[in-house]
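What follows is a set of notes on a single structure, which appears directly below.
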Amino acid sequence: MRWLCACLILLILGAQALAQDAPRPPPNEVAAPGNTDYRLGAGDKLRINVFGEETLSGEFLVPGGDGTIAFPLIGDVKAAGMTVNELQAEIVGKLKPDYLKDPHVSIEVLNYRPFFILGEVMKPGEYPYTNGLTVLNAVATANGFTYRANTHRVYIKRPNSPAEVEYNLDATTPVEPGDTIRIGERFF
């Protein structure tokens, strides 16, 4: 009888160990901010230049809510959810028929929206995003782990994702602008 109980306990512990070591989904493919696939969102600061038209050029902050920026002459232009190239084409398309013959527009992202880190870090909060940021860099920015932190798993909620996803915490796990990073508590 003791032998049977011992086998059951070992079987249960083995199943739990296998479940913890089960492969996790790889991190989502991250569109690096320099990449043309990067989608603008609330908190991004843009510099929009219209060549030869200083009065139309300037710095714009993508606001929360519907994410529209007020652009001179053409009015509101939706920026949130668009790539830089899509926004550029949108502005050119609105300027071309009525205001300028052949507008040349360039757009540069000056500041990306911040990322957020919470849980078992020394200073949870909002921090500015930098290009090439990884989870370990984000933890270092938040003054490191607490003594209770689980240093093997991290939970990341992407801005356009309905739920957070669990990842292995390593030096290559990328962070995107607007991500919410949660460092969980270890059990033992």
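The values are calculated or read from the model by the stated rules, or taken from the named source; none is laboratory data. Fair warning: this is a prediction, and the values are worked out from it, not measured in the lab. Positions of Cβ are backbone-derived with ideal geometry, glycine not excepted, and every protein chain shown enters the neighbour counts. Accessible surface areas use protein heavy atoms only, side chains included; no ligands, DNA or RNA. Shrake-Rupley method; radii C 1.70, N 1.55, O 1.52, S 1.80 Å.
When the range 141-168 is examined, which residues are found to be of a type in the set (V, I, T) and in a loop (DSSP other than H, G, I, E, B)? Write out each step before concluding.
Going through the range 141-168, the residues of a type in the set (V, I, T) turn out to be 141, 146, 151, 154, 156, 165.
T146, T151, listed by residue number.
Select from the range 160-188 the residues that are among the hydroxyl-bearing types (S, T, Y) and within 19 Å of A80 (Cα to Cα) and write down the one among them that is surrounded by the fewest Cβ atoms within 10 Å (Cβ to Cβ).
S161
List the strands (runs of 3 or more DSSP E) inside the range 41-83, counting only whole elements, that have at least 2 residues being open to solvent by less than 50 Å² (accessible area, probe 1.4 Å) and either β-branched (V, I, T) or closer than 22 Å to N160 by Cα (or both).
45-50, 68-71
In this structure, is E108 open to solvent by 50 Å² or more (accessible area, probe 1.4 Å), under 25 Å from V62 (Cβ atoms) and touching a residue at least 12 places away in the same chain (Cβ under 8 Å)? Working first, answer last.
Working: open to solvent by 50 Å² or more (accessible area, probe 1.4 Å): yes; under 25 Å from V62 (Cβ atoms): yes; touching a residue at least 12 places away in the same chain (Cβ under 8 Å): yes.
Yes: the conditions hold for E108.
How many residues does the range 123-140 contain that are surrounded by 14 or more Cβ atoms within 10 Å (Cβ to Cβ) and either part of a loop (DSSP other than H, G, I, E, B) or of a type in the set (F, W, Y) (or both)?
Number of matching residues: 5.
Keeping to the range 110-122, report how many residues are touching an Asp or Glu at 6+ places or on another chain (Cβ under 6 Å) and assigned to a strand (DSSP E or B).
The qualifying residues number 2.
I'm trying to understand the selection: among the residues of the range 42-64, which are charged (D, E, K, R) and touching a Phe, Trp or Tyr at 6+ places or on another chain (Cβ under 7 Å)?
Hit for the range 42-64 is D44, nothing else.
Looking at the range 84-105, which of the residues that are β-branched (V, I, T) and assigned to a helix (DSSP H, G or I) is least open to solvent (accessible area, probe 1.4 Å)?
Our first condition is that a residue be β-branched (V, I, T); within the range 84-105, this holds for 84, 91-92, 105.
Next, from what is left, pick out any that are assigned to a helix (DSSP H, G or I): 84, 91-92.
Working: V84: 33, I91: 0, V92: 37 Å².
That would be I91.
Name the one entry in G64, G43 that is within 17 Å of G178 (Cβ to Cβ), free of Cβ contacts under 8 Å to residues at least 24 places away in the same chain and not charged (D, E, K, R).
G64
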